[in-house]
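Everything on this sheet refers to the single structure shown next.
Bear in mind these aren't lab numbers, they're just calculated from the coordinates by the rules spelled out. Everything numeric here is computed off the predicted structure, so don't read it as measured data. Neighbour counts are summed over all protein chains in view; Cβ atoms, including those assigned to glycine, are modelled from backbone coordinates with ideal geometry.
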């Protein structure tokens, strides 16, 4: 019997739980810090599913205050192989109105107040981020959107800003000129850390507003956003339920190499590696450290 898939779901604004069989909330300790909340661990027809509310139940963490390293490390410790990030976002495009789900395939990282890597002094590693989303995983999400009749677009560039404030008008126009499609505050460094952890990753960006560039919508209206978040959450729950129902139970290798990203990434000589850091990397990089240690 081959390796089995374990599907992780990170729920953004409005999505704080899932309906699963034999489900229970489980606390997971991480050497990197405190995860956003306990993890809801359950199954569906033989598929193990792990869910985490990114902002904590009750939405208690701002985007900057989330410990992204702890979240991804804990997902890895729970055996997650495939990770779907569901996130609220603003739109830079007229053809991506509120209510649209954008299956992002590229990111631009403009965050600056977050720890972005598991590696550093004592164990240096460089992973490829050219194709940050697992295409097979994104394909399964698209199929689930089709099956549920959801309005979605495959492909798009996600601009990750620091927040918690929304963009200025000048920033919004600049990001549009850069070719970005949506803007959010949470998918970086999440995508980078998932790649370092060799977890297949994909994003469902749920459009809540047009950001501040739109001449007929003006500044971001938080009241309207909250209403759209609630509407999107209903559709997101249907999407996740369909994805879980149809998802392959056997693990599928990633065409973009997500699951082997560390194979040749660690460049610090074995005798120069920091033992304390290596201990923290046991879950993230144990597969390759065992080969080169």
*May I ask for the angle, rounded to the nearest 10°, between helix 135-148 and the longest principal axis of the chain, with both axes built from Cα atoms and the value confined to 0 to 90°?*
40 degrees
*Give me the angle, in degrees from 0 to 90, between the Cα long axis of helix 222-246 and the longest principal axis of the Cα atoms of the chain, rounded to the nearest 10.*
50 degrees
*Which of 172, 258 comes first, and how do the rest follow, when ranked by fewest Cβ neighbours within 10 Å?*
172, 258
*asked:* Quick check: the angle from helix 68-77's long axis to the longest principal axis of the chain, C-alpha only, nearest 10 degrees?
replied: 50 degrees
_Computed helical MRE - 222 nm, the chain, DSSP H runs ≥ 4 contributing -39500 (n - 2.57), nearest 500_ = -9000 deg cm²/dmol
*Quick one, which of (1) 15.8; (2) 18.1; (3) 14.8 is the actual mean projected area of the Cα convex hull in nm² calculated for this model?*
(3)
_Based only on other Cβ atoms within 10 Å, what is the fewest-to-most ordering of 140, 95?_
95, 140
_Likely footprinting exposure, 51, 166, fewest C-beta neighbours within 10 Å first_ = 166, 51
